[in-house]
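Accompanying notes for the structure given below.
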Amino acid sequence: VQLTNERMKQTAEGEAFLETDTILREEENEEKSRTIEGDVDAYNEREFYGKLDPMELNNTRKAKKEILFFNRVPKVGSQTAMELLKSLSIKNNFHYHKDKTQKVETIKLTYNEEKRLSNLVNTFQPSSVYVKHVCFTNFTKFNLDMPIYVNMVRDPVERVISWYYYVRAPWYFVERKRAFPDLPLPNPNWLKKDFETCVKTNDPECRYLPGHRRDGFGDHRRQTMFFCGHADDCTGFNTEVAMRKAKENVEKHYAVVGVLEELNKTLTVLEHYVPRFFKGAKDVYYNEVQIFSKINRNIYKPSVAEATKDIVRKNFTRELEFFDFCKQRLHKQYLALNLDKKP
């Protein structure tokens, strides 16, 4: 959506700039200046990080078979990524598998549920992709080979706002009611409650208390749980232990963790680090961007004041740190490719 809006903005600006040759030349000079500054920044970053080896930064090399597991975090552009994978499965000739819609979507599993999930993924014929909302699972504890893990993240405060209005969108509960007729319709007062009021009145739904536990269904407040795993230590909100474990798992087991706000860079890294599945991802995305950009777009989501976001950020300190960690890791992976131009 952001990319589409930016493109529309750039198109409108481009039409305005065509009015005079003078403005065009100024635009070209500014672009050259930005390119030079970008090259200097890239050089300085490479000096700071030292020599970066893409092989050392790519966990895909550890995979013993071509099974990709996208344990997708909600509201990070994962629906778009899922549709992209569907298209790429035809282009790149691999099998695409997705978990069916659940009446109660539990992301934290018991030991036996983890084992069943691991065995299920292990039965897929290479090359295959499996997509499911679920916390990270270490297959080796069941004596099974690890899949190639990928995922996406997003600014945690923007993400929680997106989730807040997503579950209140009319089409969301209508679709769920259609799939599961016995589900009760939500309370109208709950539907009309806006995020700013929820935060400012200290409503329990918007408190985000440190260490607060909310297992299984409904705990979509944070991203770290999806990377930390199923242990009890992973369930406390905004805890140090969950953040540390999430970072460790990303570093050890994830080929790529993309960033919604840096989608172009994400697609570039995916193409180079997981080419079996993501070869041609940028072309497919941009050729079909009008389709992808409309997926899960919520027209019922109003703007939220920065002051309200700042209140929420105070309780998302470790979520924000984890997000920054993933951004830095993606950036290092991109720099290691030593490409001539910025994405």
query = What list of ³J(HN,Hα) values in whole Hz, one per residue of segment 111-128 in order, does the Karplus curve 6.51 cos²θ - 1.76 cosθ + 1.60 (θ = phi - 60°) give from phi, with Gly and Pro shown as x?
reply = 4, 5, 5, 4, 5, 4, 4, 4, 5, 4, 4, 5, 7, 5, 7, x, 8, 9
request  = For segment 240-250, take each phi angle, set θ = phi - 60°, evaluate the Karplus expression 6.51 cos²θ - 1.76 cosθ + 1.60, and give the result in whole Hz per residue in order, putting x for glycine and proline.
outcome  = 5, 5, 5, 5, 4, 5, 4, 4, 4, 5, 4
key: Thr60, Thr308, ranked by accessible area, largest first (probe 1.4 Å)   = Thr60, Thr308
task = Would you please give the residues with an amide H less than 5 Å from that of Lys98, counting only those at least 5 places away or on a separate chain, with H modeled from the backbone geometry?
result = Val131
task = Run the numbers on segment 93-207 and let me know its relative contact order in percent, using alpha-carbon pairs under 8 Å that are six or more apart.
result = 21
note = Taking placed amide H atoms and a strict 5 Å upper bound, the residues 5 or more places from Gly236 or on another chain that come that close are none
ask   = What residues qualify as long-range amide H neighbours of Leu68, i.e. H under 5 Å apart, gap of 5 or more or another chain, H built at 1.01 Å from N?
value = Ser128, Val129, Tyr130, Ile148
request  = Report the label-to-label distance for Lys141 and Lys279 in nanometres (one decimal), using points 7 Å from each Cα along the Cα→Cβ vector.
outcome  = 3.6
message = For the pair Asp310/Asn187, report the inter-label distance in nm, with labels modelled 7 Å from Cα in the Cβ direction.
response = 3.2
key: From phi via Karplus (6.51, -1.76, 1.60), per-residue ³J(HN,Hα) for segment 172-182 in Hz, x at Gly/Pro   = 5, 6, 5, 5, 5, 5, 5, 6, 10, x, 7
query = With a sphere of radius 14 Å drawn around the Cβ of His95, what net charge do the other residues whose Cβ falls strictly inside it have (Lys, Arg +1; Asp, Glu -1)?
reply = +4
ask   = Using 0.36 nm per residue, how much length does the chain from Thr101 to Glu248 gain when fully extended, once their Cα-Cα distance is taken away?
value = 49.9 nm
remark   = Cα extents of segment 83-233 along the principal axes, largest first, in whole Å, come to 50, 35, 32
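The values are calculated or read from the model by the stated rules, or taken from the named source; none is laboratory data. Note that the structure is a prediction, hence the values are computed from the model and not measured. Note that each Cβ is placed from the backbone with ideal geometry, even for glycine, and that neighbours are counted across all protein chains shown. Heavy atoms of the whole protein, side chains included, go into the accessibility calculation; ligands, DNA and RNA do not. Shrake-Rupley method; radii C 1.70, N 1.55, O 1.52, S 1.80 Å.
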